[in-house]
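Visitor: Quick one: the structure is below, questions incoming.
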Amino acid sequence: MNQLTTTLCQSYFEKRILKVQNETSAVDTFGLKDSSYIAAGKFEGIQQLVSCFYTVMGELPEAAHIRDMHPTDLTVSIDKLACFLSGWLGGPRLYADKYGAFSIPQVHKHLAVTELERDAWLLCMHEALDQQPYSQSFKKYMLKQLAIPAERIRLTCTAANSKSGTD
């Protein structure tokens, strides 16, 4: 393997696998196969996280504007996020099976998502993660990884809104 290939592979794996030392000095590895899905408690644990996430979104004043972007009845929103997270965390790809293929930034491009909305969404997820029985290292990993699609959504929405003249 040449130096460039080695560097690219290292970069890929550094982004894909986060190793964090926990309190017992063991090393947790997430992002490999279904390890994150299992760490989240499989689909039942993901459903609990997502339900908590939307509860937090409804309670935090800082999140009122993003709650208003959702329908009054959150049943489908909860199911879609839980199904998405299942596949995203290495478990069954339930979203595609149930709702079809998608691009997470593209399905949000009709919304006005700026840094404020992105950060409010991440705040809700942070609060919801704190209420789960996950290890601290997994909570940290999740928040760091969820910031990536959150930023991609923001960038896509910003570009879409600037093209339509609403930004």
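Every number in this text was worked out from the coordinates using simple rules, so none of it is lab data. Bear in mind the structure is a predicted one, so any value in this text is a computation, not a measurement. No Cβ is skipped: glycine too gets one built from the backbone with ideal geometry, and neighbour counts run over all protein chains shown.
Visitor: Determine, yes or no, whether GLN145 is within 17 Å of PHE53 (Cβ to Cβ) and either of a type in the set (Asp, Glu) or in a helix (DSSP H, G or I) (or both).
Guide: Judged against the criteria, GLN145 is a match.
Visitor: Right, PHE138: hydrophobic (A, V, I, L, M, F, W, C), more than 19 Å from GLY58 (Cβ to Cβ), out of contact with any His (no Cβ under 8 Å at 6 or more places or on another chain) and assigned to a helix (DSSP H, G or I) or not?
Guide: yes
Visitor: With the requirement that a residue be hydroxyl-bearing (Ser, Thr, Tyr) and surrounded by 14 or more Cβ atoms within 10 Å (Cβ to Cβ), what does segment 82-113 give you?
Guide: Correct list: SER86, TYR95, TYR99.
Visitor: Return the pairs, sorted by first residue and then second, in which the second residue is polar (S, T, N, Q) and part of a helix (DSSP H, G or I), the first residue lies in segment 112-137 and is within 14 Å of TYR54 (Cα to Cα), the beta carbons are less than 8 Å apart, and the residues are 6+ apart or on different chains.
Guide: Between residues of segment 112-137 that are within 14 Å of TYR54 (Cα to Cα) and residues that are polar (S, T, N, Q) and part of a helix (DSSP H, G or I), the close pairs are ALA128/THR55; GLN132/GLN48.
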